[in-house]
Number of protein chains: 2
Amino acid sequence: MDPATQLPTVGMIGAGQLARMTHQAAIALGQSLKVLAADPAESAAVVTPAVTLGDYRDAADLLAFARDCTVVTFDHEHVPQEALKALVADGVDVQPRPEALRFAQDKQAMRERMGSLGLTQPRWAPVDSISDVEAFGLPCVLKAVSGGYDGKGVWMIDEPGQAQAVLASGIRLIAEERMPLQRELAIQIARSPRGETALYPVVETVQTAGICTEVVAPAPHLDEAVAEAARGIALTVANDLDVCGMLAVELFQTSKGLFVNELAMRAHNSGHWSIEGARTSQFEQHLRAVLDYPLGSTETAAPYTVMANVLGGESGGPRLDERLQQLLAEDPGAHVHLYGKAVRPGRKIGHVTVCGDDVDNLRRRAARAAQWLTEGK
Amino acid sequence: MDPATQLPTVGMIGAGQLARMTHQAAIALGQSLKVLAADPAESAAVVTPAVTLGDYRDAADLLAFARDCTVVTFDHEHVPQEALKALVADGVDVQPRPEALRFAQDKQAMRERMGSLGLTQPRWAPVDSISDVEAFGLPCVLKAVSGGYDGKGVWMIDEPGQAQAVLASGIRLIAEERMPLQRELAIQIARSPRGETALYPVVETVQTAGICTEVVAPAPHLDEAVAEAARGIALTVANDLDVCGMLAVELFQTSKGLFVNELAMRAHNSGHWSIEGARTSQFEQHLRAVLDYPLGSTETAAPYTVMANVLGGESGGPRLDERLQQLLAEDPGAHVHLYGKAVRPGRKIGHVTVCGDDVDNLRRRAARAAQWLTEGK
């Protein structure tokens, strides 16, 4: 608690774009987010004064960081369980709790738990040899049990040689069936320690090469029974796993219903639309949840909101500043969010959001805006 | 220009709440606002890493601050003309230019210029003695020619003794007639160096003891002819004075039409509603204008948006954190903005915004929300 402002201090482990956008939300709540960064040039570290440099895998670094924080939360799920437990043992208020976060860190534990909750999910099995993979059946997907993100740690396997290359890395793997999809959906829910929950609308997510490139909120033409099923899944996972903060459940929509794909217990790319598209953004909602504040309204602020991610383009061509000006001239109603990162091809360097009534037009506008920033034309 | 991000560096002289909210907007544009603060505890200084401590009246401090800025702009209008001109002489891109800013700094120069533009304004005269004031006629308003804000530098004069007390201070003064008002309005316009302009809707502003306490956007039940007149005034002032950045024109609505009250060439309390209520907030728009970026859409995001200022309450009672939680529980759709300032009675410490259809209900909600934070009940 800051004695001058009479307001809490939230510490976030990790200083990527999620922390950066959380800092914007923290400012509105009278705070200044404190971040643990590996490098002073990280996305959030360049916009907040309260930066601690340290290693998120090191319990001593975490303890020193956490000392004056009202609550500690996360920009990513990579903090080891032993380090988290050391924080809890030291009396730090860690949200979500390590026991919950584990299911966002370990895909095998998550699959086992989803199964025991009776939630529909792709057929899966742990694999550690080529004979395991062949017994599971090809084609399949191999996933690293931990550490993956943005398509990293996920391999599409059509033939044994591809599986062998992945198995050679020695990391823990599970195999999953490749589902015939209608589309991918996601649903976010906030939950606070007192057990209050707030559901956001089901959104459609579009992935390109494993990276989320477009989100449409709410998912167009969604059958109300499917939406209700998604809300039921989100509530079950949030309550049963005792989640605190934002939870994203990624779902496959198929002709046989919804299948649970992935979980994230933090702000998530599928919720960036909420900054302009909902009364309470996912970033403010996460802060409210981990502080056990009352949760905010998730009512939408427009009939449709579309978000497109901006990936870094090839080097050469106009500077990012010139690309930005072209985009602003082309679409005066586009909301631009740049992450302050050095531009590298394929790297997420920002996103663009548009709000309105005509979803097809919004999708074209968002894609065009992202293209301006990526390709400069 | 930051070499890593390929994006500009904006320097803001002053580190109050306007700079704080501008920093939030700068983050979205891929920047981190650089501020010149008098004290490290100032509202913007506690949320941005790029803080220079210095005196805004000192040309050497300003020059050192401005060195690596793409453009320098303002959180307040108190930088002396000589210091501004030293910056310009050194090649710094100062926006708005000193020649324009002068009319927001010097009420006598402003009144003379409004008169020469043929704009309707209260009858006024420079005064420097009690006989001047008596010749002008009582009751009247005395205003400090420079340095006033939030009701400071404005005195309601009913009898000569009150005028004498103000005259005794020795500051430059003008007298203005006290207008029989229907209500106060304000209009904001952004203008960029290339001459592009963007008008926001006319809003109603409510003042309490000289401090803006409520803004309703757009002004309810406003005759379209009056709105058109307000837009004409804003365009005339912005273009004729060669304003760059945000301009606010405060207006008296009377039975005889609109009268120009005050000008501000920066983000303004009458535009805080735009953070949630318009496609482009006044803070982002100011950045876009001073960078000569294309301006953003000023389309409203809701039929009505109401903002209420939060003033610091008497000491005692619940901590601000507890008051905030009470408010969040009472109104899950309220947007809260706290400025990170120590609480002192009557000091602006934040504002609350609500968006929706029913303006009377929104006004009640906003007033109630502000009351929770001020009085804790």
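Across the stretch B:1-124, the relative contact order, built from alpha-carbon pairs under 8 Å that are at least six residues apart, equals 21 percent.
Peptides A:359-369, A:95-105, ordered by how many other C-beta atoms sit within 10 Å of their residues on average, highest first, read A:95-105, A:359-369. Amide H contacts under 5 Å for B:Gln207: B:Thr213, restricted to partners 5 or more places along the chain or on a different chain, H placed in the peptide plane at 1.01 Å from N.
Which values of log₁₀ I(q)/I(0), to two decimal places, follow from the Debye formula for chain A at q = 0.10, 0.11, 0.12, 0.14 Å⁻¹ with a uniform point scatterer at every Cα? Scattering profile of chain A, log10 relative to I(0): -0.65, -0.79, -0.95, -1.30.
Computed from phi, the 3J(HN,Hα) profile of the stretch A:42-55 under the Karplus parametrisation 6.51, -1.76, 1.60 (θ = phi - 60°) reads 5, 3, 7, 5, 7, 10, 10, x, 9, 10, 10, 8, x, 9 Hz, with x in place of Gly and Pro. Cα centroid separation, the stretch A:1-42 to the stretch A:121-158: 36 Å.
Restricting the calculation to alpha carbons of the stretch A:10-94 gives Rg and Dmax of 11.7, 34 angstrom. Take B:Gly257, move 7 Å from Cα toward the beta carbon, and the resulting point lies 7.1 nm from the same point in each other copy, nearest first. So what is the 222 nm mean residue ellipticity for the protein assembly as shown from helices alone, if each DSSP H run of at least 4 adds -39500 (n - 2.57) and you divide by all residues, rounding to the nearest 500 deg cm²/dmol? So the calculated ellipticity at 222 nm is -9500 deg cm²/dmol.
How high is the FRET efficiency between B:Asp68 and B:Ala168 when r is their beta carbon distance and R₀ equals 51 Å, given to the nearest 0.05?
Efficiency for this residue pair is about 0.65.
The shape of the protein assembly as shown comes out prolate: with a ≥ b ≥ c from the C-alpha gyration tensor, a/c is at least 1.5 and a/b beats b/c.
Each Cα pair of the stretch B:183-375 feeds into the Kirkwood radius, which the Stokes-Einstein equation turns, at 20 °C and 1.002 mPa s, into a diffusion coefficient of 125 µm²/s. Note: relative contact order over chain B, using C-alpha pairs below 8 Å and six or more positions apart, is 13 percent. Contact order, relative form, for the stretch B:183-375: 21 percent (alpha carbon pairs under 8 Å, 6 or more residues apart, mean separation divided by residue count). For the stretch A:123-176, the spread of Cα coordinates along the three principal axes comes to 26, 23, 17 Å, biggest extent given first. Note on the stretch A:10-94: with charges restricted to the Cβ of Lys and Arg (+1) and Asp and Glu (-1), its dipole about the Cα centre is near 220 debye. Take each residue of peptide B:289-295, count the partner chain Cβ atoms within 10 Å of its Cβ, and average: the result is 3. Only one residue of A:Ala308, A:Phe283, A:Leu87 has its Cα farthest out toward the positive end of the dipole of chain A, where Lys and Arg carry +1 and Asp and Glu -1 on Cβ, and that residue is A:Ala308.
About the Cα centre of chain B, how large is the charge dipole given +1 on each Lys and Arg Cβ and -1 on each Asp and Glu Cβ? Please answer in debye to the nearest 20. Could you put the intermediate results ahead of the total?
Details: 34 positive and 47 negative charges, 56 e Å.
Roughly 260 debye, rounded to the nearest 20.
Across peptide A:2-9, the average count of Cβ atoms from other chains found within 10 Å of a residue's Cβ is 5. For chain A, the number of Lys pairs with C-alpha atoms closer than 14 Å, counting only pairs eight or more positions apart or on separate chains, is 4.
Model label points for B:Arg123 and A:Met1, set 7 angstrom from Cα along the Cα-to-Cβ axis, are 5.7 nm apart.
No value in this document is a laboratory result; all are computed from the given coordinates. Not measured: the values here are computed from a predicted model. Glycine also receives a Cβ, built like all others from the backbone with ideal geometry; neighbour counts cover every protein chain displayed.
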